[in-house]
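Values quoted throughout were computed directly from the atomic coordinates according to the rules given, and no laboratory measurement underlies them. Treat the numbers as computed from the prediction; the structure is a model and nothing was measured. Every residue, glycine as well, gets a Cβ built from its backbone with ideal geometry; the counts of neighbours run over all protein chains shown.
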Amino acid sequence: ARSGRPLLEVEGLVKQFGGLRAVDNCSFVVPEGSITGLIGPNGSGKTTVFNLIDATFAADAGRITFDGERIERLAPWARAHRGIGRTYQITRLFGEMTVLENVVAAQRSFSWSQLGKIAVSGPEAAAAEELLEFVGMRAFRDQKAHALSYGQQKLVELAQVLMLDPKLIMLDEPAGGINPVLIERMGEMIRELNSYGKTFLIVEHNMPFVLDLCDPVHVLARGATMATGTPAQIQADPAVIDAYLGD
Ligand code: ADP
C-alpha cells in the first residue's frame, strides 16, 4: 500500500512552553501507506508533536503539510475533517456511557451536555458495531466504559478513531500498559488496517513492538529529529544507542 509520497510532512516545527522548547526545529515525513514510528526518551516532545499535528496546540513556527495541503493554521475540526485521527496516552472515554455510545459519539463533536442523549440506532450505530467487532469488543457494547480494563479501553478508542475513517491514524502508546496477548493483537490490527490503506504514525516506548511494526522510524531528542531510518538502521546508529536505546 506504500506509494512513497508523503502523506504528512512536518518541517521546522517549534513549540515553546514558557522557557522550555518542547519541540525544537522538528522535521520528518510520514510516507503514505506506511506505519511510521516516532520514538525518543521521556520528555523529548513526542506527545507535543501529536498535539501540534492535530491542533490541540498551535505551533510557534514550522509547516505541517497533510495530503498536499498546508494545515498548520487549520482548526482541530478542520484537520480531523481532512483525515487526521488520533488516540491519547491516557484514555478519554466517557466512563458513564456504554461502549457503543462512546464509539457512536466519536463521530460527532460530542459535548458533555449531550451525555445520555446519544441515539444508538441507525447507520452510525451499525458502523460502530462493525468496528467493535473488528477490535474484538462487540460483546462489551452495552457495558459502561469505566467497567473496562485499560487494554479494553484502548481497543474501544481504536474503534472510535476508525469511526471517522481517517487517512492518518496517530496512536500514542498503543502497546503501553496492556498485556502481551493484547499487544500482539494490537499489532495485528494495525497491520490489517494498514493493508486496507491506513497510514499510521505511532509513538511507543515498547521497542520490540516499534521495531517489528514500524518503517520508517524517527528518533526525537530534545524536541528535534536526531535520526531517521529503517528499524535496522536505527538500532545500529551509534548516536541513537548513545542517546536512547543504550539506556
Ligand atoms: P514525550 O511525549 O516525548 O514524553 P512531551 O511532548 O510530553 O514528551 O513533553 C515534552 C516537554 O514539554 C516536557 O518537558 C514536558 O514537561 C513539556 N510539556 C508538554 N506539554 C506541556 C504543557 N502543556 N505545558 C508545559 N509543558 C509541557
Among 223-232, 175-184, the order from most to least packed when residues are scored by Cβ within 10 Å on average: 223-232, 175-184
Inter-part distance where the range 138-188 and the range 1-58 are each reduced to a Cα centre, Å: 22 Å
Dimensionless Rg over Rh [the chain; C-alpha; Kirkwood]: 0.97
Under the span-like rule (Cα at least 15 Å along the axis, Kyte-Doolittle mean at least 0.0), DSSP H helices of the chain: 122-134, 150-163
Spin-label proximity, ALA232 to the range 187-226 - amide N less than 19 Å from point 7 Å beyond Cα toward beta carbon: 208-219
Counted charge near VAL14, where neighbours are those whose Cβ lies closer than 9 Å (Asp, Glu -1; Lys, Arg +1): 0
Under 23 Å from the Cα of LYS46 - lysines, other chains or at least 8 residues apart: LYS15, LYS154, LYS167, LYS198
Neighbour-count ranking [beta-carbon atoms within 10 angstrom, fewest first] of VAL99, VAL156, VAL161: VAL161, VAL156, VAL99
Whole-Å semi-axes of the range 24-90's equivalent ellipsoid (Cα gyration tensor): 18, 14, 13
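Between LYS144 and ASP242, what FRET efficiency follows from the Cβ-Cβ distance if R0 is 45 Å, with the result rounded to 0.05?
On the way: r = 47 Å, r/R0 = 1.05.
E between LYS144 and ASP242, to the nearest 0.05, is 0.45.
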Theoretical gain in end-to-end length, ARG92 to GLU133 [0.36 nm per residue, Cα-Cα removed]: 12.7 nm
Cα shape, the range 159-247, gyration tensor, a/c 1.5 rule: prolate
Equivalent ellipsoid, the range 118-158 (semi-axes from 5 times Cα gyration tensor eigenvalues, Å): 18, 12, 8
